[in-house]
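Computed from the coordinates by the stated procedures, all read-outs in this text should not be read as laboratory data. No experiment lies behind these values; they were computed from the predicted model shown. Here Cβ is always computed from backbone atoms with ideal geometry, including for glycine, and neighbour counts include all displayed protein chains.
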Amino acid sequence: MKKSIEFKLENSLSQQCYEQLQQEIVQGILRPGEKLKVIPITQRFNIGQSPVREALSKLSAVGLVCMEENKGFSVAKISEQDIRDVYKVFTHIETTALSWSIKSGGEQWQADIVAELYKLSLVECSEQKVAHTLWAERNYHFHLALIAGCQSPLLLNIRHQIYMKFDRYCQMSYQLSQSSLHNNYECHKQLADAVLQRNIKEAKKLMAHHINAPREEIIKLFQQHKAF
């Protein structure tokens with residue numbers, strides 16, 4: 001019984017460490033190329049080396065951390081080639097999952113899209129200043145609702161892993177002025193309408209454009225500030 005409790009606790013600590021480091025990498029708090037030394041992280045989170053190493057290994061598996069023999073762990077660097085590759089792959093996965101969802105999604109899937117769009121509209125159509133974290137959370141759940149009907153756990157798992165790298169680049173260009181939020185809502189509304197009408201061709205076209213709209217701006221930012 002004692003070993004089981006320790007194992008579950010260690011898994012929980014590892015997951016908490018993983019999620020916190022993931023968030024800090026995606027948000028740019030931990031910079032590309034920055035060393036991730038195990039001992040300082042154990043001291044920061046007040047946990048042992050084993051859960052820290054497990055968390056760093058998981059981050060390495062999804063491409064957010066690099067692990068080099070005799071050099072340890074560091075935050076994955078950014079390159080123009082990787083930005084283009086991530087956008088290309090994510091667009092393909094997202095539009096594929098969307099297409100499958102339109103073909104297979106039922107009434108509950110449709111209801112979830114309507115519900116998530118409404119919750120997102122409360123943020124994107126608000127006249128009040130919006131916290132980025134609130135918008136990001138609702139935007140994520142809306143997009144997840146669109147593809148949740150694909151009936152492929154494997155595809156959704158692959159999508160989740162690619163999304164972490166995709167979101168890292170998205171964070172570089174997020175602007176939460178009211179005008180950009182209102183424009184975002186119009187895009188989201190058009191996308192939801194096409195999906196609910198089961199118009200696969202239009203939905204895939206809108207999704208691809210929505211994903212790739214900021215890509216060149218992100219590449220331009222990278223070229224101007226290669227150290228970030």
(Q) Show me, bin by bin at 10 Å from 0, the whole-percent P(r) of the chain based on Cα pairs. (A) 7, 28, 32, 23, 9, 1
Q | Against the rule of thumb 2.2 N^0.38 Å, how large the Cα Rg of the range 2-75 comes out | A | 1.08
(Q) Can you tell me which aspartates and glutamates have their Cα less than 18 Å from the Cα of Lys35? Leave out same-chain residues fewer than eight positions away. (A) Glu19, Glu24, Glu54, Glu68, Glu69
Q) Where does the range 42-102 land on Rg(C-alpha)/(2.2 N^0.38 Å)? A) 1.56
(Q) What percentages make up the Cα-Cα pair-distance distribution of the range 103-198 when the bins are 5 Å wide from 0? (A) 2, 13, 22, 22, 21, 13, 6, 1
Q) What is the distance in Å between the Cα centres of the range 30-53 and the range 158-172? A) 22
Q.
To the nearest 20 Debye, how big is the dipole of the chain about its Cα centre, given +1 on the beta carbon of each Lys and Arg and -1 on that of each Asp and Glu?
A. 480
Q: On a 0 to 90° scale, report how tilted helix 132-147 is relative to the longest principal axis of the chain, with both axes built from alpha carbons and the result rounded to the nearest 10.
A: 70
**Q.** the chain: angle of helix 107-124 to the longest principal axis, Cα-based, in degrees nearest 10
**A.** 80
Q: Output the Kirkwood hydrodynamic radius of the range 42-160, Cα pairs only, in Å rounded to one decimal.
A: 17.3
Q: Kindly write out, for the range 88-100 in residue order, the coupling ³J(HN,Hα) from the Karplus curve 6.51 cos²θ - 1.76 cosθ + 1.60 (θ = phi - 60°), rounded to whole Hz, with x marking Gly and Pro.
A: 5, 5, 5, 4, 5, 5, 5, 6, 5, 4, 5, 4, 5
Q. With axes computed from alpha carbons, what is the tilt in degrees of helix 49-61 against the longest principal axis of the chain, rounded to the nearest 10 within 0 to 90?
A. 40
